[in-house]
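Quick note: the coordinates plus some simple rules give every number you see, no bench work behind them. In this text, all values refer to a predicted model and were calculated from it rather than measured experimentally. Reconstructed Cβ throughout: ideal geometry from the backbone, glycine too, with neighbour counts over all protein chains shown.
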Amino acid sequence: MPAPAPAAPRRPSLDEPQKDGSGHVISELDTVTSVTERESNKVMDQLDQISRLVSRQQQLITDMMTHEGAQSPGAQQAIHEVMSAGKEIQDKVFEAMDLMQFQDITRQKLERIVHHLRQIHDYIVDLLGTGLKSESERPSISHTIAQTGTTPDENKAHADAVIEAFKSQKKG
């Protein structure tokens, strides 16, 4: 009987501030990545266990072939069919293991997205002039914007300028 699965990581609430100040999107992506990796590993473990059981079954059948009664043509035919079925199961298990590689590819893609989101976050923090570089020292973007002291009309013009600067930097 398999051991009980560990409890899923607690998801942060929308009102809960993030430790790194990078926002909820990065935290959610990290959570999705870790949950899918953990669950994919469970599937791979089960496939590996099935593969070991089929190998053990094939070994038992091979050992059984040495007995006197196993030499009759009918018994030989039945043993051959069982061995062929075991081989097909083993092949399907290996095929399923190969198909599970999507999770590793997905994890790598999500890690790249998180990396780019952190770069964008750092760019915005630098643009707003906080000058705080370390993860623990960075305030949230909303807190930084609130400290700039601009009026609502100035916020829109400033936000439009930030977006245009980012677009032009990205093209260049």
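For this structure, a couple of remarks:
- Computed label-point distance, nm, for sites ARG107 and ASP30 using a 7 Å Cα→Cβ extension: 1.6 nm
- Percent of Cα pairs exceeding the 10 Å cut-off, where the set is the stretch 39-78: 73 percent
- Between MET100 and MET64, the C-beta separation translates, for a Förster distance of 35 Å, into a calculated FRET efficiency of about 0.60.
- Proximal charge balance of THR62 [Cβ under 13 Å; K/R count +1, D/E count -1]: +1
- Charge tally around GLN103: other residues with Cβ under 14 Å, Lys/Arg +1 each, Asp/Glu -1 each, net -2.
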